[in-house]
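Taking it in order: structure first as structure tokens, then the write-up.
The values are calculated or read from the model by the stated rules, or taken from the named source; none is laboratory data. These numbers were taken from a predicted model, which means no experiment stands behind them. With ideal geometry, Cβ positions are generated from the backbone for all residues, glycine too; neighbour counts draw on all protein chains shown. Keep in mind that these areas ignore ligands, DNA and RNA; they rest on the heavy atoms of the full protein, side chains included. Shrake-Rupley method; radii C 1.70, N 1.55, O 1.52, S 1.80 Å.
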Amino acid sequence: QVQLVESGGGLVQPGGSLRLSCAASGSIFSILLMGWYRQAPGKQRELVATITSAGHTNYADSVKGRVTISRGSAKNMMYLQMDSLQPGDTAVYYCLAVDRGANYWGQGTQVTVSS
């Protein structure tokens, strides 16, 4: 079992930056992949970025060049640095961990980009 808690969301103006954090607890040493997904009102949940235990990253085309995913030296932390935020980035952002074939989700953190 893996538990995930996101933090760092909030209200930011267009062009601004935010750093989201995801803290994992439980069976963290067998996590193969972690990632960030987001869900805007009335839309399906979509991929933002993922990172494997080996450090390989993958980004959605919509965020490439504006977003950086990383893991802390302590394996229980994951981050999402978001720059040049746009109103279209407004969504609830969810942390994902994949551990031995099971997907675990956090409760989400709201990101609102508005002037």
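How compact is region 1-60 by the rule of thumb for globular proteins, expressed as Cα Rg over 2.2 N^0.38 Å?
Normalised by 2.2 N^0.38 Å, the Cα Rg of region 1-60 equals 1.29.
Dipole check for the chain: with +1 at the C-beta of Lys and Arg, -1 at the C-beta of Asp and Glu, and the Cα centre as origin, the magnitude is about 120 Debye.
For the chain, what is the relative contact order in percent, using Cα pairs closer than 8 Å and at least 6 residues apart in sequence?
About 38 percent, as a whole number.
For the chain, the solvent-accessible area works out to 51 Å² per residue, with a probe of 1.4 Å and every protein chain left in place. Remark: the S84-L11 segment gains 24.9 nm on full extension, using 0.36 nm per residue and subtracting the alpha carbon distance.
Rounded to the nearest angstrom and ordered from largest down, what semi-axes does the equivalent ellipsoid of the chain get from its C-alpha gyration tensor (root of 5λ)? Mind showing how you got there, number by number?
Values: eigenvalues 109, 38, 31 Å².
Ellipsoid semi-axes (Å, largest first): 23, 14, 13.
With a Förster radius of 35 Å, plug the Cβ-Cβ distance of S73 and Q39 into 1/(1 + (r/R0)^6) and report the FRET value to the nearest 0.05. The value I calculate is 0.70. Anisotropy class assigned to region 69-115 is oblate, per the alpha carbon gyration tensor with a/c at or over the 1.5 cut-off and a/b no larger than b/c. Between C22, M34, L11, the Cα set farthest toward the positive side of the dipole of the chain (charges on each charged residue's Cβ, about the Cα centre) is that of M34. Site-free segments of the chain were taken between trypsin sites (Lys or Arg not before Pro) in DSSP loops having at most 13 other Cβ atoms within 10 Å, sites themselves excluded; the longest one is 1-42.
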